[in-house]
Protein chains: 2
Amino acid sequence: MKIEEIIEKMRQSGLESLFVLKPENIAYVTGFKPSSASVLIITDEPLLFSTKLDMETAKTQSCVPVEEFKSIKKLKKKFKENLKGNMGIENSMTIKTYKEMCEDFKTIPNEIIERLRMSKSKSEIKNIKGAIKIAEDSFIKADPSQFSGSEDELAAKLEYNMRKAGSVQTPFETIVASGPRSSLPHASSSSQKLETPLIIDWGALYQNYASDITRSIIKNKKEEEILSILLDAQKEAIKLIKPGIKAAHVDNVVRGVIEEYGYGEYFIHSTGHGVGLEVHEKPSLSAKSDEKLEKGMVVTVEPGIYLEGKIGLRVEDMVLIKNRAKILTNLPRKSFFNNA
Amino acid sequence: MKIEEIIEKMRQSGLESLFVLKPENIAYVTGFKPSSASVLIITDEPLLFSTKLDMETAKTQSCVPVEEFKSIKKLKKKFKENLKGNMGIENSMTIKTYKEMCEDFKTIPNEIIERLRMSKSKSEIKNIKGAIKIAEDSFIKADPSQFSGSEDELAAKLEYNMRKAGSVQTPFETIVASGPRSSLPHASSSSQKLETPLIIDWGALYQNYASDITRSIIKNKKEEEILSILLDAQKEAIKLIKPGIKAAHVDNVVRGVIEEYGYGEYFIHSTGHGVGLEVHEKPSLSAKSDEKLEKGMVVTVEPGIYLEGKIGLRVEDMVLIKNRAKILTNLPRKSFFNNA
């Protein structure tokens, strides 16, 4: 059914074939996520080309027939005679691959699969919920507000719990940043002992699907005041989210709330992003986004305030868009540091 | 000095400027590895453009002046007037970025930085050794041959030890595959209890540099026989490695040894790859490689034999090329499963 939908979209875009290289796109279409170079060619008779490395797994998991991928050159030769019409290629294709593969074809960059991926199916939502559960259970078990140790040790503990629960890799580098380091939105953890405030931004993988959550653990009045602003801004966004709303409008409202409190210049990233097979995918909830929210999208809402060299706080939850926003994450948003 | 070397290579290639987007290449040149979209422009006066998200860290770590990256469009405008000559771009640039950024420039794809990255400096070798130490210490501590638990649990333990020691993320998905699953060269770990044989392929990060090691833990005669073949093949390769040798020749010799024993068709991947800021980088030790080995390269030597659905074994060590190959990894290559 998924493939028929893609073929229908290809027809509408005047594409005879679609060349798919991005592992997440291949996973979306075939059910198999390659670990090495693979090419999926979608026509009326889709074919997946995988290396020997992946062959055993590909044959078990892919809903599309699998052949061995030997080289771009051989693949090109194989299809040059048969594919005469427009070939769809991905925006993420590298110029190297483009030169090696596409010179003899009429190619059109497109985002058919990325756009279909925006609205999640029931089974995709189940997987995302699975990834949220692993991440949240791990957080509760690690109990950061009581944790006495270093940033590295807390990150290790969080990841250990997720790994044991079946999350095969972190979808992004776990952030554990405390004290003045909390003002670095993408800080790696360090060997420094935990201080206040403490930002934790982490996620798990479940069946190739990601989760992405942030909690800030606070101690004093100033931190509580800033966290309240973020919770206000997040609440406004979540109230607003529904199908048909412009993604940029959500960002605008969140930014507006933070500006009202006088912290506008310290909110230095966008409001959120889609989450699925990739931890950052369409749509983008940013000022520049031209996307509209749709039913079935799963997005983060993550306002943050960063006072350079002093303190930073962020709160990030994941919501599913139904008739309104349904919050998928369950952890309390406010908790106090209690380790000293 | 590094930048002067790059500028010299640019001159030789007729390039007036070099646009660098790949985080590992930016890390190599500036000392700062971006966590969000960044552009490094190398001319006589190099400039790094980073987002607000990374600004605080970039300013501390980059040896090149940093300005704020607002959009590709603004960047293009800024440089259109000044850069009239050939612009070098990376092979890994996506066609989307190419269209957005490069249409008004005369661009030439090149691999200047990737080629310089092949031969490691003293400080790079120190970092790689650091990444090896973290991975090996973790292995010794987890003691896989005595471990009684699931594949997931062993992977969790290995990663926990590395994380605590400061490895901020695994450079690739840790492989723990046992019993018949060992024949999948890129298997994710599973909740299955450890069986024999057991393949573990893991690595750590230290100061952005990676390690990559594989050990197979065996029990019976058949497994010991296959492991001996791999150790033979690996030894031959390591004996052979020195500056000036073709990378493809090393692959050829390893393949020859395995073929002699009648297992040629079961060695289904290449012999090795460079390791540094990326876990897979140039040179490739494969049949198709056109590269020659040089002093300062750090490569893996990793023969494997995979009997589908039955057993798989692989041994992978890292060597530094000096006048001969110097083995950087220290763990014993043969150990017996002893958990039952």
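Values for this structure:
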{"read-out": "Near pairs, Cβ below 8 angstrom, 6+ apart or cross-chain, from the range B:20-33 (free of Cβ contacts under 8 Å to residues at least 40 places away in the same chain) to any residue that is among the aromatic types (Phe, Trp, Tyr)", "value": "B:26/B:32"}
{"read-out": "Condition check for residue B:36: hydroxyl-bearing (Ser, Thr, Tyr), outside the structural domain of residue B:168 (by TED's automatic domain parsing), under 24 Å from residue B:277 (Cβ atoms) and in contact (Cβ under 8 Å) with a residue 60 or more places away in the chain", "value": "no"}
{"read-out": "Meets criteria (without any contact (Cβ under 8 Å) to a residue 24 or more places away in the chain and not aliphatic (A, V, I, L, M)) for residue A:74", "value": "yes"}
{"read-out": "Count - residues of the range A:273-316 that are crowded, with 16+ Cβ neighbours inside 10 Å, in contact with a Lys or Arg (Cβ under 6 Å, 6 or more places away or on another chain) and not in a loop (DSSP other than H, G, I, E, B)", "value": "3"}
{"read-out": "Neighbours by Cβ (under 9 Å, 6+ apart or cross-chain): first from the range A:42-56, within 14 Å of another protein chain (Cβ to nearest Cβ); second among the basic types (Lys, Arg)", "value": "A:50/A:59; A:51/A:70"}
{"read-out": "Boolean, residue B:187 is modelled with pLDDT of 95 or more, surrounded by fewer than 23 Cβ atoms within 10 Å (Cβ to Cβ), among the small types (Gly, Ala, Ser) and within 20 Å of the chain's Cα centre (by Cα)", "value": "no"}
{"read-out": "Out of A:127, A:161, A:91, sole residue that is at pLDDT 95 or above, in the same structural domain as residue A:200 (by TED's automatic domain parsing), among the polar types (S, T, N, Q) and under 18 Å from the mean Cα position of the chain (by Cα)", "value": "A:127"}
{"read-out": "Candidates A:169, A:192, A:207 - the one that is at positive phi, surrounded by fewer than 24 Cβ atoms within 10 Å (Cβ to Cβ) and of a type outside the set (Phe, Trp, Tyr)", "value": "A:207"}
{"read-out": "Yes/no for residue B:6 being away from chain A (no Cβ under 14 Å) and within 28 Å of residue A:312 (Cα to Cα)", "value": "no"}
{"read-out": "Single residue of the range A:39-88 satisfying the filter (over 27 Å from the mean Cα position of the chain (by Cα) and among the hydroxyl-bearing types (Ser, Thr, Tyr)) that is nearest to residue A:110 (Cα to Cα)", "value": "A:43"}
{"read-out": "Which numbered condition residue B:198 misses (of (1) surrounded by fewer than 22 Cβ atoms within 10 Å (Cβ to Cβ); (2) at pLDDT 95 or above; (3) not basic (Lys, Arg))", "value": "(1)"}
{"read-out": "Qualifying residue in the range B:259-272 (condition: buried (at least 22 other Cβ atoms within 10 Å of the Cβ), of a type in the set (A, V, I, L, M, F, W, C) and more than 14 Å from chain A (Cβ to nearest Cβ))", "value": "no"}
{"read-out": "Answer from A:322, A:295 - the residue that is within 21 Å of the chain's Cα centre (by Cα) and farther than 29 Å from residue A:138 by Cβ", "value": "A:295"}
{"read-out": "Selected residue (only one of A:218, A:199, A:132, A:140 is closer than 20 Å to residue A:298 by Cβ, assigned by TED's automatic domain parsing to the domain that holds residue A:258 and touching a residue at least 40 places away in the same chain (Cβ under 8 Å))", "value": "A:132"}
{"read-out": "Selected residue [in contact with a Pro (Cβ under 8 Å, 6 or more places away or on another chain), without any contact (Cβ under 8 Å) to a residue 60 or more places away in the chain and not β-branched (Val, Ile, Thr)] from B:178, B:190", "value": "B:178"}
{"read-out": "Output for the range A:70-88, where each listed residue is of a type outside the set (Lys, Arg) and within 14 Å of chain B (Cβ to nearest Cβ)", "value": "A:71, A:72, A:87, A:88"}
{"read-out": "Check on residue A:49, over 19 Å from residue B:187 (Cβ atoms) and aromatic (Phe, Trp, Tyr)", "value": "yes"}
{"read-out": "Failed item in (1) charged (D, E, K, R); (2) within 12 Å of chain A (Cβ to nearest Cβ); (3) touching a strand residue (DSSP E or B) at 6+ places or on another chain (Cβ under 6 Å), with residue B:67 passing the rest", "value": "(2)"}
{"read-out": "Residue A:330 being in a loop (DSSP other than H, G, I, E, B) and either closer than 21 Å to residue A:183 by Cα or among the basic types (Lys, Arg) (or both)", "value": "no"}
{"read-out": "Residue A:246 vs. criteria surrounded by fewer than 19 Cβ atoms within 10 Å (Cβ to Cβ) and either touching a helix residue (DSSP H, G or I) at 6+ places or on another chain (Cβ under 9 Å) or free of Cβ contacts under 8 Å to residues at least 24 places away in the same chain (or both)", "value": "yes"}
{"read-out": "Residue in the range B:233-272 that is farthest from residue B:300 (Cα to Cα), counting only those that are outside any loop (DSSP other than H, G, I, E, B) and touching a Gly at 6+ places or on another chain (Cβ under 7 Å)", "value": "B:258"}
{"read-out": "Options A:223, A:195; residue that is away from every other protein chain (no Cβ under 12 Å), farther than 30 Å from residue A:256 by Cβ and either part of a loop (DSSP other than H, G, I, E, B) or in contact with a Leu (Cβ under 8 Å, 6 or more places away or on another chain) (or both)", "value": "A:195"}
{"read-out": "Residue A:100 being acidic (Asp, Glu), within 11 Å of another protein chain (Cβ to nearest Cβ) and over 26 Å from the mean Cα position of the chain (by Cα)", "value": "yes"}
{"read-out": "Index of the failed condition, residue B:254 passing every other in (1) within 19 Å of the chain's Cα centre (by Cα); (2) crowded, with 22+ Cβ neighbours inside 10 Å", "value": "(1)"}
{"read-out": "Wholly enclosed helices (runs of 4 or more DSSP H) of the range A:109-189 bearing at least 1 residues within 10 Å of chain B (Cβ to nearest Cβ)", "value": "A:151-164"}
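The values are calculated or read from the model by the stated rules, or taken from the named source; none is laboratory data. Values in this document were obtained by computation on a predicted structure and should not be read as measured data. We place every Cβ from the backbone using ideal geometry, glycine too, and count neighbours over all the protein chains shown.
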